[in-house]
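Beneath this line is the structure, given in structure tokens, with notes to follow.
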Amino acid sequence: MAGIRIDGVEKKFGQATALARIDLDIPDGEFLALLGPSGCGKTTLLRIIAGLETATAGQVFIGDRNVTELQPRQRGIAMVFQNYAVFPHMTVFENVAFGLRMRGAEDAEVKAQVARAAELLHITPYLDRYPAKLSGGQRQRVAVARALAVRPSVLLMDEPLSNLDALLRLEMRTELKAVLAQSGATTIYVTHDQTEAMGLADRIAVMHKGVIEQIDRPQALYERPATRFVGGFLGSPPMNFLDLPVRAGVVELDGFRAAAPGTDRIIAGVRAEDVEIADSGLPFDVRVAEPLGAMLLLSGAVAGQTMRVAARPDMLISAGQRLYLRPDPARIVWIDPATERAVRAAA
Amino acid sequence: MSVGLRRVVLWSGVVTLCLWVLVPIYLIALGAFGGRAGVFRWPKSLLPWDATLASMQTFLAVEGVGRAAVNGALVAALTMLLSLALGAPAGYALARYAFRGANLFRLLVILTRAFPLAILALPLTVTFIRVGLYDTPLGVALVHTALALPFAALVSASLFMGIPRELEEAAWVFGCSRLQAFRKVVLPLALPGLAAAAIFAFVISWNEVFAASVLTVRNKTLTAYLLTVLAESPLHYRFAGGFLLILPSIVFIFAVRKYLFAMWGVSNK
Amino acid sequence: MERSRALPYLLIAPATIFLIALFVIPLVQTVVLAFVDDGAWSLTNFRKMVGDLNFGLSLRNTFLLVLVVVPLQVACALLMGVMLQKLDKGRDLVLWIWTIPLGVSDLAAGLVWLAIFQDRGYLNTLLAAFGVIDGPTNWLSYESPGSMFLAVALAEIWRATAIVLVILVAGLQLIPKEYGEAAEIFGASPWTRFRKITLPLLKPSIQSALILRTVLAFEVFAVVYALSGRNFPVLVGEAYAWQHVNQNNGVAAAYAILVMAISLAATLAYIRALRVNPETQP
């Protein structure tokens, strides 16, 4: 089996920097999600690992091998593409068998592995069909089966679920997690969908503008974002950021008081659900109230700054109402306004 | 206008235009099979009273016709092979790579269209005589390839562009070299379109008359042969020849009809 | 990875070399051929060309043909394209029939119309049936330039409208339906929709159809030759005659240069007149 090590990988397109010195260590068997908005460089990084793109600088190791100069076919990887890339002129069977045949596997071996992969992804009934006769979800399964059929030690996935509709995506996500857990392959999964990343991955690397902002377990990322970007990107609704004045290690605004780091100003990162609605505290004018089922999402302003609050769904609150908020000081993430990085609260 | 009336107007227009295309072809077919008697019949009948296979056979037996037809087919086949062999790789490069000079090459290809290419056969007579290509099928095919190559290149570029890059990448990842990926994935998918482009090159060559006439003396293509003997041929021979020229076109256009738009629609970008 | 950088150049190299050998070099040679006489630069060939009896006639005839045929073809093809869009069934069959002439050579087209226009042809039969003429009449002699022109023009329209049609239909297919539907909802009549939506968005296709057709129309030769021999002189026909009958490469090349100059000028004129702002296209 094989872990993956990325050593100072850089990618420039002309003057533009797509990746700025990425270092990454992925232990054998880990499921790592590369998460970020479009254009953050996550797909470029994946394609460099696959050998479909060449890095401007830096090196890629798979297991103990330096694969930087190797062709994709020499890297011993499997990949699932965003648009599935299922070969339209081959039957499902031939698609799933493709990688095995290219490795020169014997017929019996090919049959056995295709049968196993097809069973795993429930596509056995379609093996004789051509992809044109399949739905998007079924093609997706074929693409995954094709990758798993070669028993890869490294599996790369490029937004594999992004072309499915919402319901199917949820279903496939659950199934993928079960199937991939069995495969034991070191998996890199590129996505822009934070729920997907949170639900599937052992660890998530959040990327932004060609840089890995933070890499950690999903829950840790959610609770302790290292940067303002990570806090804002993870979670729905995203974290609120209130720019507050600090005086003598304390922020004080209307009825709210908390010890805070910094000397002049500080940004308080507050999750919508970490706020209690009380009789006194930060005055909050509700502009819009959206009943979302699991919660009642309130949008409005605190001291002139936008703020979203998750209220219990049974509360009777409507637009125009004034509420008072008490954020849980222990769960506030303090962020330096200059560096936009999280800072530890002063004792 | 009511919906019903509109449909009547639309369909009568469509049918009229279909007749406008088809009736002249029918008439020359009558002329081709009517023989001498048909040509001089007055007044003409729209029904094939004079049509016999014999008159067509007589024409085919005329000295030089058979040979010209074979020559024409040979030149067209050579043109087809050459334009595809040269044009398809260029099309692949245009479709798959962003490289310095791509636009310059595209310009060169498109520029050929703003020139009446066949006329360029004039100076080539001298060159061809010198290198021994004059009056040979290969010589004519070379000039015809210059006509067909831009099409082959632009059409195959649009074909290859229509084949998602991901398919090729998937082939690489799953163990193919570049060449293997091209053979196993790209080629099978592009084949019908490439065949259409090839057929189109065939038609271009089969129909071209100026260069073919200028560059040959004895080894004329059918089109060039007919042009040369036009003045001294009786009318029914001319019609037989004309019909013989049209026949393959009808079949070919039918064969490539699915790709006509890929050919013209994209290649005019 | 060095290899992959060289790959595209290796792929275009054969085509480039070929086009240089059979397009660029002959182009230069034609220029030389036309402007050189007895080993020195001179305009002799052009003087001979202009001094020829047929020169003025062929120039006039060619221009007249282009000016009459090309606009009619574009109008006709537009009409056909719009009709095709309205068809709900039989579209493929109709399109196939309409594009058959695409594969018909100009020589064959000339011969087809010869069958119609000859003395004892179908046109005369029809005219006689209506009592317009008494018996076989010659429409294709130099004594009847009007009818000869008509025959040539009809043959050209019959043959080469298909190519314009294909280019325009390809363009029409690229125009999203929503634009027309949006205009319809806001109350635009079919004619307004055609003028305000379809035509402007079709401009690039119309431009390339015009360029292609005009260049080819200036090359008109075999149609004319099949219908009337040299009774109706055109530019490329004269080039052919100088080369073949008079065995004079120089004057033939001068004609070639003239045709090329006109074609290029026409292309440039179209590009200027129908300038397409890419930002106004979908």
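The values are calculated or read from the model by the stated rules, or taken from the named source; none is laboratory data. Keep in mind it's a predicted model, so treat the numbers as computed, not measured. Note that we place each Cβ from the backbone using ideal geometry, even for glycine, and neighbour counts take in every protein chain shown. With ligands, DNA and RNA removed, areas are computed over all heavy atoms of the protein, side chains included. Shrake-Rupley method; radii C 1.70, N 1.55, O 1.52, S 1.80 Å.
Here's the picture: charge each Lys and Arg Cβ at +1 and each Asp and Glu Cβ at -1 in the stretch A:232-346, and of A:Gly249, A:Ala311, A:Val288 the one pushed furthest to the positive end of that dipole is A:Gly249. Applying 1/(1 + (r/R0)^6) with R0 = 25 Å to the Cβ-Cβ distance of B:Ala195 and A:Lys111 gives a FRET efficiency near 0.15. Placing +1 on the Cβ of every Lys and Arg and -1 on the Cβ of every Asp and Glu, with nothing else charged, gives the stretch B:61-263 a dipole about its Cα centre of roughly 340 debye. A dipole drawn for the stretch C:49-280 from +1 and -1 charges on Cβ atoms has a positive end, and of C:Leu202, C:Val68, C:Asn138 the residue lying farthest that way is C:Leu202. Can you give the FRET efficiency to the nearest 0.05 for B:Val15 and A:Ala132, using r as the Cβ-Cβ distance and R₀ = 30 Å? According to the calculation, E is roughly 0.25. Using the Cβ of B:Ile246 as centre and a radius below 14 Å, the other residues enclosed give a net charge of +1, where K and R count +1 and D and E count -1.
Annotation for the stretch B:1-32: chymotrypsin sites (Phe, Trp or Tyr not before Pro) lying in DSSP loop with at most 16 further Cβ atoms inside 10 Å of their Cβ do not exist. The trypsin sites (Lys or Arg not before Pro) found in the stretch C:48-157 that occupy coil by DSSP, while having at most 16 further C-beta atoms within 10 Å, are C:Lys89.
Each of A:Asp243 and B:Leu22 was given a label point 7 Å from its Cα along the Cα-to-Cβ line. The distance between the two points is 7.6 nm. Need one word for chain C: rounded, prolate or oblate. Basis is the Cα gyration tensor (sqrt eigenvalues a ≥ b ≥ c); a/c below 1.5 gives rounded, then a/b vs b/c decides. Note, shape of chain C comes out oblate. Across peptide B:177-184, the average count of Cβ atoms from other chains found within 10 Å of a residue's Cβ is 3. As an exercise, take the mean of 1/r over every pair of distinct alpha carbons in chain B, invert it, and state the Kirkwood radius in angstroms. It is 21.3 Å. Rounded to the nearest Hz, the phi-derived 3J(HN,Hα) couplings of the stretch C:48-55 under the Karplus curve 6.51 cos²θ - 1.76 cosθ + 1.60 (θ = phi - 60°) are 4, 4, 5, x, 6, 4, 7, 4, where x marks glycine and proline. Sequence-ordered 3J(HN,Hα) estimates for the stretch A:220-234 from the Karplus curve with 6.51, -1.76 and 1.60 and θ = phi - 60° stand at 5, 4, 5, 7, 10, x, 7, 9, 4, 4, 4, x, x, 8, 8 Hz, glycine and proline given as x. Calculated mean residue ellipticity, 222 nm, chain C: -23000 deg cm²/dmol, from DSSP H runs (n ≥ 4) at -39500 (n - 2.57) each, averaged per residue and rounded to 500. Of the listed residues A:His122, C:His244, the order by accessible area with a 1.4 Å probe, largest first, is A:His122, C:His244. Counting Cβ atoms of other protein chains within 10 Å of each Cβ in A:83-91 and taking the mean gives 5. Pairs exceeding 30 Å between alpha-carbon atoms, taken from A:Lys11/C:Lys203; C:Lys86/C:Lys203; A:Lys133/C:Lys203: A:Lys11/C:Lys203; A:Lys133/C:Lys203.
Based on protein heavy atoms only, the protein assembly as shown ends up with 44 Å² per residue of surface accessible to a 1.4 Å probe. Residues whose amide H lies under 5 Å from that of A:Met207, counting only those 5 or more places away or on a different chain, are A:Leu35, A:Gly36, A:Glu213; hydrogens are built 1.01 Å from N in the peptide plane. With the alpha-carbon atoms of chain A aligned to their principal axes, the span from lowest to highest coordinate is 75, 45, 34 Å, starting with the largest. Are there any GluC sites (Glu not before Pro) in the stretch C:93-181 that are in a DSSP loop and have at most 11 other Cβ atoms within 10 Å? List them by number. Here the GluC sites (Glu not before Pro) that fit, given the DSSP loop and packing criteria, are C:Glu143.
Cross-link reach is defined here as a Cα-Cα straight distance under 20 Å, omitting same-chain residues fewer than 8 places apart; for C:Lys48 the aspartates and glutamates meeting it are C:Asp37, C:Asp38, C:Glu238. For the protein assembly as shown, the antiparallel share of DSSP beta bridges with both residues in that region comes to about 75%. Classify the stretch B:1-82: rounded, prolate or oblate, from the alpha-carbon gyration tensor (a ≥ b ≥ c, eigenvalue square roots; a/c under 1.5 rounded; otherwise prolate if a/b is larger than b/c)? The shape class here is oblate. Label reach from B:Gln57 (point 7 Å along Cα→C-beta): in the stretch B:234-261, no amide nitrogen lies under 13 Å. Heavy atoms of chains C and B lose about 8000 Å² of accessible surface on contact, summed over both sides with a 1.4 Å probe. Charge tally for C:Ala182 (other residues, Cβ to Cβ under 14 Å; Lys, Arg +1; Asp, Glu -1): 0.
Estimate the FRET efficiency between A:Arg344 and A:Asp279 by the formula 1/(1 + (r/R0)^6), using the beta-carbon distance for r and 25 Å for R0, to the nearest 0.05.
Working: r = 32 Å, r/R0 = 1.26.
Here the calculated transfer efficiency is 0.20.
Treating each Cα of the stretch A:29-102 as one equal point scatterer and applying the Debye formula with no solvent, the log10 of I(q)/I(0) at q = 0.15, 0.26 Å⁻¹ comes out as -0.66, -1.29.
Accessible surface buried by the B/A pair amounts to about 1700 Å², both sides summed, 1.4 Å probe.
Karplus-based coupling profile of the stretch C:240-252, in residue order and whole Hz: 4, 5, 4, 5, 8, 7, 8, 6, 10, 4, x, 5, 4, with θ = phi - 60° in 6.51 cos²θ - 1.76 cosθ + 1.60 and x standing for Gly or Pro.
Legend: mean number of C-beta atoms from other chains within 10 angstrom of residue C-beta atoms, peptide B:97-105, equals 4. A dipole drawn for the stretch A:65-116 from +1 and -1 charges on Cβ atoms has a positive end, and of A:Phe98, A:Gly76, A:Phe87 the residue lying farthest that way is A:Gly76. Using Cβ point charges alone (K and R +1, D and E -1), the dipole size of chain C about the Cα centre works out to roughly 640 debye. Here the accessible area is traced with a 1.4 Å probe on the protein chains. For the protein assembly as shown, carbon and sulfur cover 60 percent of it. Burial of accessible area (probe 1.4 Å, heavy atoms of protein chains only) in the stretch C:111-154, relative to its chain alone, reaches at least 50 Å² for C:Leu111, C:Val112, C:Gln118, C:Arg120, C:Tyr122, C:Thr125. The charge dipole of the protein assembly as shown, taken about its Cα centre with unit charges on the Cβ of Lys, Arg, Asp and Glu (plus for the first two, minus for the last two), comes to roughly 1140 debye.
Taking every Cα-Cα distance in the stretch C:1-42 and sorting them into 5 Å bins starting at zero, the pair-distance distribution P(r) comes out as 6, 21, 14, 13, 12, 10, 8, 6, 5, 4, 1 percent.
Around A:Glu196, what is the net charge, scoring Lys/Arg as +1 and Asp/Glu as -1 over all other residues with Cβ under 11 Å from its Cβ?
In short, +1.
Note: the protein assembly as shown, Cα convex hull, 239 Å³ per residue. Applying D = kT/(6 pi eta Rh) to the stretch C:182-282, where Rh is the Kirkwood radius over alpha-carbon pairs, T corresponds to 20 °C and eta to 1.002 mPa s, the Stokes-Einstein value obtained is 130 µm²/s. The Cα center of the stretch C:177-244 and the Cα center of the stretch A:112-171 differ in position by 50 Å.
The alpha-carbon atoms of the stretch C:1-92 define a convex hull whose volume equals 217 cubic angstrom per residue. Label point of C:Ala269 set 7 angstrom out along Cα-Cβ; within the stretch C:26-69, amide nitrogens under 19 Å from it belong to C:56-69.
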